[in-house]
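Notes follow once the structure below has been shown.
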Amino acid sequence: MQVIKRLLYTACLSFPVLGFSQSTLLPQGYKHQPLMDRMEIMYRDSALSFQHLKPFDRRGWVRFLETLPAEQLSRVDQSNLHSALMNNSEWVTGDKSSFQSKKALFKTFYNQPSDFALVDVKDFFLSINPVVQFTVMKESDNSESLFQNTKGARGRGMIAKRIGFDFYLTDNQERPPSFVKDFIRDNRAVPGAGYYKTFKSTAFDYFDARGSVFFNVTDYINMQFGYDRNFIGNGYRSMFLSDFGNNNLFLKINTRIWKLNYQNLFMELNPSHIRRGDNLLDKKYVTMHHLSWQATRWLNIGFFESVVFGRANRFDFSYLNPIIFYRSIEQQNGSPDNANVGLDLKANIAKRIQLYGQLLFDEFKLSEIKGGNGWWGNKYGLQLGGKYVDVAGIKNLDIQGELNIVRPFTYSFRDSVGSYMHYNQPLAHPRGANFVEFVGIARYQPHPKLTLQGKLIAWKQGLDSAGINFGSRIGRLYTTRPFDYGWQIGEGRASTGINASLWVGYELKENLFLDGSLMLRKLDVPDDASLTRNSTIFSLGLRMNMFRREYDY
């Protein structure tokens, strides 16, 4: 990664002569994401058509919001619109007087309800906010008290509208439900976290530190260097890249011009490992390209490619090529690396419906497909989904349905370095491979302060049996497969699961939420009663300036 740091350093040296405005990005779990989804579908805006590359930039979001005819929106959308503008006030060009608090704390803090400390003067902007999440949970057939305890701070800023920066720092203690503990035991990783320690014998302690710097090379090219997460896709899950796992170091170059958006992403990751004391962990690297084309006002087409590789803890210079089609470079290198390609589509229809999909090819051989013998090497992932806003004319009632299918051994490789993982966690779908999954979500916001959401996730997956690799755990080498033909999705020890949840959230004050949820989770493994588990989990929590910690896998 030293070469990427050198490129960034060189760009920074030339930056002061440039005069292009720079925007920070919206955070993970952004509370106005439902509003963004709704407005993209209802107004088919070409700028929001690229919001499947998350996180999205604040400046572009505000520019779009300021064009909306507020008087035509529902009462709830109008309130959400005002809140979204206030939470991104540095880019608002109109009157900001409505953002001011009636009574600031000590005439210094909370001058506007969205920001604890706010500085907005010529050539300098800074926003600092506390981060808190305290949740207590009760799980059936579990005598332990479950909890999530998070505290920290987050902030963002700009210098002369040329350099942007943000940070997110939290200290976390967590005793999760039993099935999450099973994940931690099997993968030696806390979902979404990196290094962790045992806390109170059966809980976990970890630190979540993220940060980035941003600058524009031109009006059309944006660069971000940071330690954080990215997401590529329109769905609840992603076949390409999700924000499920741990943070990583990356350099991102995003070019947006005409009806095109082109993203280069260079990432430094950790291969699968077993941590034994204090030692330096090895590194591996991923390079990604994503090209989006807004073909019409309603249709967006995207092309994706990635290569996962390792070179004895050094970067391979050939993968610095900014032009798409990494596969040709990988072949020129002798095909030593894990290359993937993909296609995604999104169509907004009748200002009410969005259809979307992703198709990822890890490996593909047409002759074997025609043979119909279930060759192991035809590895792919498929996603098909749809969103429908204002269902049956009911304002702010939205639904989403999604089907995800991943063949056995997809994302895996012949060595542990090349697997599609970081810090023992999948880079894409949290379930790994060899599964079929359905996700259904209904969300209703009857009042600006009140949100209700029901979610149903059902899946079928083939698990390893008696130590035999059946292709679900992508960290295992695909060379350990027991045979070459006869592979179907679900091959191995059959398992089926359901994760159904109901969440109610009430916003007590700006960005301060009271959350209550009920989750029913059932995992059935007929061949192994020890893995069969039924759980009912009730939770109640208080959350401020951060996303909800969810157990949706």
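The values are calculated or read from the model by the stated rules, or taken from the named source; none is laboratory data. Bear in mind that the values here come from a model prediction, so they are computed numbers and not experimental data. Note: ideal-geometry Cβ built from the backbone for every residue, glycine included; neighbour counts use all protein chains shown.
Annotations for the structure displayed:
- Tally, over the range 118-146, of residues that are within 30 Å of Ser501 (Cβ to Cβ) and part of a strand (DSSP E or B): 12
- Members of the range 271-286 that are surrounded by fewer than 20 Cβ atoms within 10 Å (Cβ to Cβ) and of a type outside the set (D, E, K, R): His273, Ile274, Gly277, Asn279, Leu280, Leu281
- Put simply, of Tyr326, Tyr356 the only residue that is more than 28 Å from Ser465 (Cα to Cα), buried (at least 21 other Cβ atoms within 10 Å of the Cβ) and at pLDDT below 95 is Tyr326.
- For the range 242-263, the set of residues classified as modelled with pLDDT of 95 or more, part of a loop (DSSP other than H, G, I, E, B) and under 18 Å from Ser292 (Cβ atoms) consists of Ser242 only.
- A single entry from Leu542, Leu502, Leu531 fulfils the requirement of being over 27 Å from Asn424 (Cβ atoms) and out of contact with any Ser or Thr (no Cβ under 7 Å at 6 or more places or on another chain): Leu542.
- Evaluation of Thr93 against the conditions (1) in a strand (DSSP E or B); (2) of a type in the set (Val, Ile, Thr); (3) modelled with pLDDT under 95 shows that the sole unmet condition is (1).
- Output for the range 444-458, where each listed residue is in a strand (DSSP E or B) and touching a helix residue (DSSP H, G or I) at 6+ places or on another chain (Cβ under 6 Å): Gln445
- Condition check for Asn222: modelled with pLDDT under 95, crowded, with 21+ Cβ neighbours inside 10 Å and more than 30 Å from Phe438 (Cα to Cα): yes
- Any hit, the range 107-117, residues being surrounded by 21 or more Cβ atoms within 10 Å (Cβ to Cβ) and not in a loop (DSSP other than H, G, I, E, B): yes
- Condition met for Ser535 (within 27 Å of Gln148 (Cβ to Cβ), of a type in the set (S, T, N, Q) and surrounded by fewer than 19 Cβ atoms within 10 Å (Cβ to Cβ)): yes
- Subset of the range 210-229 (residues that are more than 15 Å from Gln263 (Cα to Cα) and among the basic types (Lys, Arg)): Arg210
- Test: residue in the range 106-116 that is out of contact with any Leu (no Cβ under 8 Å at 6 or more places or on another chain), basic (Lys, Arg) and in contact (Cβ under 8 Å) with a residue 60 or more places away in the chain: no
- Take the conditions (1) more than 20 Å from the chain's Cα centre (by Cα); (2) without any contact (Cβ under 8 Å) to a residue 60 or more places away in the chain; (3) not in a strand (DSSP E or B); Ile184 misses just one of them, which is (1).
- Within the range 436-477, the residues that satisfy the criterion of being more than 20 Å from the chain's Cα centre (by Cα), among the hydrophobic types (A, V, I, L, M, F, W, C) and over 28 Å from Val391 (Cβ atoms) are Leu463, Ala466, Ile468, Phe470, Leu477.
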